[in-house]
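Notes follow once the structure below has been shown.
The values are calculated or read from the model by the stated rules, or taken from the named source; none is laboratory data. No experiment lies behind these values; they were computed from the predicted model shown. Cβ placement follows ideal geometry from the backbone for every residue including glycine, while neighbour counts extend to all protein chains displayed.
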Amino acid sequence: MEAIRFDNVTFRYNQTGDLRPPEEVLTDFGPSDYAVRGISFSIQKGEFVAILGHNGSGKSTVAKLMNGLLFPEKGTITVFGMSTRELEKLFEIRKRVGIVFQNPDNQMIATIVEDDIAFGPENIGIEPDEISRRVDWALRCVGMEGYRMASSFRLSGGQKQRIAIAGVLAIQPQVLVLDESTAMLDPLGRKEVLDVVKSLNKQQGMTVVLITHFMEEASLADRIIVLNDGEKVLEGTPRQVFSRYDYLKSIGLSVPFAAKVARILKDKGVPIEADVLTTEELFERICQLL
Amino acid sequence: MLRDVAFGQYYPVDSYVHRLDPRVKLILVVLFIAAIFLSSSWAALGACALLLLFGVAFSRVAVSKVLKSIKPILFLIIFSAVLNLLFYREGTPVLSFWIIQITDRAIRFTVLMAVRLSMLIMGSSLLTLTTTPVALTDGIESLLKPLKAVRFPVHELALIMSIALRFIPTLMEETDRIINAQKARGADFESGNIVARAKALLPILIPLLISAFRRANELSDAMDSRCYTGSKGRTKMKKLKVTYRDHIALFVSLNIMAFIIIDKVMALFPAI
Ligand SMILES: Nc1ncnc2c1ncn2[C@@H]1O[C@H](COP(=O)(O)OP(=O)(O)OP(=O)(O)O)[C@@H](O)[C@H]1O
Ligand SMILES: [Mg+2]
């Protein structure tokens, strides 16, 4: 089943306050004014998709288009068969697509963890007892059972971000979008959050869209979509995408450490396949050579 | 340090006082403050102290936590005590040297004021120690509900208060960070006259304001993403409910307050 579909989506931030229809304004602008240009892709239910791109390549804009925080200027976005343009469907769309943003401090509404997680379910009119059960469940999903009554400002960055994820999970969305949700965390906090995301995808079949500029994170996905200056430039499995070392480099991205080492070895004439993703894999391949 | 003061200092244990309805706690605190200022006899003040003692005992909050709440206003208490002591002139002098004269009534008044102020702070911090910010704002929302009839945005006000409480520690941390960053750039906040010092605050206030707007922007995206559409169709995880606990607390408190009022009336009309 198709969860999210982008059809030739174009978007630009309205910096001019121009009220004319987009067709007319189009002529006044160069292509570089667009944050998102003619992007099409489809994400299936249960998939784990990573979106990669350098700063300002349009990743956050794509995320905000997914649940109708922004609307496309041209093209359509379909979420479980509903267009984000239909305002009366927006509530249903947001129930299905939850976004976790970059800074956990700016996503929490309440001081006490349980009150914050309850915010989403309260908004969609869930019964009080069920909300309480959902808070427990969401805390268990992110491995923070003991923190129900904790004050959010006493938590570490990784813990805060896990609470932010729990706050979105409590709405029980079908799709979890993480917009650089690990960018502000240290390696340990990053691992905590990624482990939670992986297990949600594997154990509960949650559709995950992971937006990141860490290559190691992207290599966890089933599929990677690479953006450059608002356009989709590559799409494929991590192996396919990271084998394009030179191209990625030309658009300001790198590849996972292991792939880089393999590539350097290959350039030096070592007979090794360069499509490795993890250091363990690299280690094995090198061992096979010896 | 400063961020532990007054707000967000919720003390997470389960107790009789924690379980009281926030509306009842709010009303009791207001009545308690009124009672403190009605009490002018030692007996009445003792009754107030007894009420406070009950509150602390049944809240399972560490006594040191409650006592510590006085710390931020300790200076104020001492300062006003010194002034009272020196300038309260009625009564018979018990101590006099140089131009200073301290009367018996001055001592009595000073102690009375200091005790009142301390109890006032301890009583109201017992409220924030035993009530989460959301419960507190829910309570206020519910108490102000009659104002909805005149289109007063009660729900919005409660949400704003709750978000403000949530962001106080965040913005304090941010202020510290900006001050340090500006100091590292050679900013000087300590010298100069008042005007110069006020001007020196500008490089702190402007980044703080910009960052607050940025945060507000991101917060609104996060709230939209979590399906917030206003108070319509919204439920609450914790339904406010007045139970037997609240009845008992109200009964005990009102009795003690009745005693204070009778005591006051008798003091005003000794003939009765
Ligand atoms: N609110 C806004 N108003 C105007 N322009 C914006 C706004 N937000 C983003 N842009 C512009 O749109 C383009 C895409 O930004 P976007 O935030 O989607 O990039 P990103 O890939 O998420 O970058 P980053 O890695 O820094 O998060 C950028 O050129 C940016 O300057
Ligand atoms: Mg971004």
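Observations
Here is a yes/no grid of residues against (1) part of a helix (DSSP H, G or I); (2) without any contact (Cβ under 8 Å) to a residue 24 or more places away in the chain:
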site	(1), (2)
B:Phe189	no, yes
B:Gly192	no, yes
B:Val195	yes, yes
B:Ala200	yes, yes
B:Leu208	yes, no
B:Arg215	yes, no
B:Ser220	yes, yes
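- Per-region count, the stretch B:159-178, residues of a type in the set (Lys, Arg) and within 17 Å of A:Asp115 (Cα to Cα): 1
- B:Phe32 of a type in the set (A, V, I, L, M, F, W, C) and either at pLDDT 90 or above or assigned to a helix (DSSP H, G or I) (or both): yes
- Only a single item in (1) assigned to a helix (DSSP H, G or I); (2) surrounded by fewer than 16 Cβ atoms within 10 Å (Cβ to Cβ) is not met by B:Leu85, and it is number (2).
Rundown of residues vs (1) surrounded by 14 or more Cβ atoms within 10 Å (Cβ to Cβ); (2) closer than 30 Å to B:Gly230 by Cβ; (3) within 14 Å of another protein chain (Cβ to nearest Cβ); (4) within 19 Å of the chain's Cα centre (by Cα), yes/no style:
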position: B:Ile99; (1), (2), (3), (4): no, no, no, no
position: B:Arg105; (1), (2), (3), (4): yes, no, no, no
position: B:Val115; (1), (2), (3), (4): yes, no, no, yes
position: B:Leu129; (1), (2), (3), (4): yes, no, yes, yes
position: B:Thr132; (1), (2), (3), (4): yes, yes, yes, yes
position: B:Val154; (1), (2), (3), (4): yes, yes, no, no
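- Checked against (1) small (Gly, Ala, Ser); (2) within 25 Å of B:Ala135 (Cα to Cα); (3) more than 11 Å from chain A (Cβ to nearest Cβ), B:Ala222 passes all but condition (3).
- Restricting the stretch A:35-58 to residues that are in contact with a helix residue (DSSP H, G or I) (Cβ under 8 Å, 6 or more places away or on another chain) and part of a strand (DSSP E or B) leaves a set whose member that is farthest from ligand 1 (Cβ to nearest atom) is A:Phe48.
Table: residues versus (1) part of a helix (DSSP H, G or I); (2) within 16 Å of ligand 1 (Cβ to nearest atom).
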residue	(1), (2)
A:Gly143	no, no
A:Gly146	yes, no
A:Phe153	yes, no
A:Lys160	yes, no
A:Ile165	yes, no
A:Ile171	no, no
A:Leu178	no, yes
A:Ala183	no, yes
A:Val197	yes, no
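- Lone unmet requirement of (1) within 7 Å of chain A (Cβ to nearest Cβ); (2) assigned to a helix (DSSP H, G or I); (3) of a type in the set (Lys, Arg) for B:Lys236: (2)
- Any hit, the stretch B:163-176, residues being surrounded by 20 or more Cβ atoms within 10 Å (Cβ to Cβ) and aliphatic (A, V, I, L, M): yes
- Residues considered: A:Thr61, A:Thr76, A:Thr84. Of these, the only one that is surrounded by fewer than 19 Cβ atoms within 10 Å (Cβ to Cβ) and either within 16 Å of ligand 1 (Cβ to nearest atom) or under 18 Å from A:Val175 (Cβ atoms) (or both) is A:Thr76.
- Search result, residues across the stretch A:148-164 that are of a type outside the set (Lys, Arg), closer than 16 Å to A:Asn103 by Cα and either within 16 Å of ligand 2 (Cβ to nearest atom) or within 12 Å of chain B (Cβ to nearest Cβ) (or both): A:Ser152, A:Phe153, A:Leu155, A:Gln161, A:Ala164
- Boolean, A:Ala118 is in a helix (DSSP H, G or I), under 20 Å from B:Ile168 (Cβ atoms) and within 9 Å of chain B (Cβ to nearest Cβ): no
- Selected residue (criterion: surrounded by the fewest Cβ atoms within 10 Å (Cβ to Cβ)) from residues of the stretch A:87-115 that are in a helix (DSSP H, G or I) and facing chain B (nearest Cβ under 7 Å): A:Phe91
- The single condition among (1) surrounded by 12 or more Cβ atoms within 10 Å (Cβ to Cβ); (2) more than 14 Å from chain A (Cβ to nearest Cβ); (3) under 30 Å from A:Asp179 (Cβ atoms) that B:Arg215 does not meet is (2).
- With respect to the stated conditions, B:Ala149 fails to be free of Cβ contacts under 8 Å to residues at least 12 places away in the same chain and within 14 Å of chain A (Cβ to nearest Cβ).
- Any hit, the stretch B:6-24, residues being more than 24 Å from A:Gly146 (Cβ to Cβ), surrounded by fewer than 19 Cβ atoms within 10 Å (Cβ to Cβ) and modelled with pLDDT under 85: yes
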